[in-house]
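One structure below.
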Amino acid sequence: MNVVILSSIRLMGEGLAACLTRGDDITVAAIVDRFSALREALASTPIDIALIDVSQNIVLEEVRAIAVDWPSTALVAVGLDEQRQQVIHCGRAGFVGYVAREGSATALHEALSDVAAGRLACSSEISGELMRALFRMVPSSARTGADADEALTRREEEVLRLIGGGLSNKEIARELNLSVATVKHHVHHILRKLRLSGRAQAMRRVRDEPWMASSALNHKKP
């Protein structure tokens, strides 16, 4: 099994490599610190699994692009805060497995074995949330029972990220080149979809769960 490791922290990358190379069935083909280097590694060497350190709030849009361009390479998130929103965001980005922040070296090897076998090991609480997330993806016209949280659009994620940074509607409008009225429209929909009572609660939500708006970070490629 050929593995490549992506981490902006050198010690993290080398530590993961040291854990993996203890077994005879795993070869660490490369340790990289940025997505451009990961792309180079994937283009030059057949890679079965890419381990991506997500503890540093990476740009999930980059992950999506990798998943689309190299569908045969399984993407595994390492250092994930095992909360429902983070796991859901990772799944939407293209990750097929993860190792929680508190996970051990044994958990790392088990995660790779699960991914290689096409399995996802997670707690019953997380699996339940994943099922509910699938339900929320069904069009509202096809649902029965109480309504659930709706997914944010890309633009709404951008606005939410800026709300989390403390920007006013006027500042957000200037940042995104939108009218203030349009920003107010997005804010209204964000609060409704996330069932939040106001702007201050939205700011706290972003601070507590930064992954909610992280897929909108730096989405414009140079």
Full-extension gain between Arg174 and Thr45, please, as 0.36 nm times their residue separation minus the C-alpha to C-alpha distance. 42.0 nm
Listed by chain and number, the residues whose amide H is under 5 Å from that of Val32, excluding neighbours fewer than 5 places away on the same chain and using placed H, are Ile5, Leu6, Ser7
Across 10 Å bins from the origin, how do the percents of Cα pairs in the stretch 2-131 run, short distances first? 13, 50, 33, 4
If neighbour count is taken as other Cβ atoms inside 10 Å, put Leu176, Leu6, Leu112 in order from fewest to most. Leu176, Leu112, Leu6
Once the piece of chain linking Cys19 and Ala151 is laid out straight, how much longer is it, given 0.36 nm per residue of separation minus the C-alpha distance between them? 43.8 nm
Only loop residues by DSSP count here, and only those with at most 14 other Cβ atoms within 10 Å; note down the GluC sites (Glu not before Pro) in the stretch 1-110 that meet that. Glu102
Along the stretch 33-44, what does the Karplus equation 6.51 cos²θ - 1.76 cosθ + 1.60 (θ = phi - 60°) give for ³J(HN,Hα), rounded to whole Hz, x for Gly and Pro? 10, 7, 5, 4, 5, 5, 4, 4, 5, 5, 6, 9
For the stretch 154-214, averaging the sequence separation of alpha carbon pairs under 8 Å that lie six or more residues apart and dividing by its residue count, the contact order in percent is 45
Can you tally the net charge around Ser168? Count Lys and Arg as +1, Asp and Glu as -1, for every other residue whose Cβ sits under 12 Å from the Cβ of Ser168. +2
Give me Leu178, Leu20, Leu160 ranked fewest to most by other Cβ atoms within 10 Å of their Cβ, as a rough exposure proxy. Leu178, Leu20, Leu160
Points 7 angstrom from Cα along the Cβ direction at Asn57 and Ala107: gap in nanometres? 2.2
Hydrodynamic radius by Kirkwood, which averages 1/r over all alpha carbon pairs of the stretch 154-214, in angstrom: 11.2
Under the 0.36 nm per residue contour assumption, what length would be gained going from the current alpha-carbon distance of Leu11 and His185 to full extension? 58.2 nm
The answer for the net charge of residues other than Arg101 whose Cβ lies under 12 angstrom from its Cβ, with Lys and Arg +1 and Asp and Glu -1, is -4
To the nearest 0.05, how large is the calculated FRET efficiency for Glu82 and Ala37 if R₀ is 30 Å and r is the Cβ-Cβ distance? 0.65
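Every number in this text was worked out from the coordinates using simple rules, so none of it is lab data. Here the structure is a predicted model, which means the values were calculated and not measured. Neighbour counts are summed over all protein chains in view; Cβ atoms, including those assigned to glycine, are modelled from backbone coordinates with ideal geometry.
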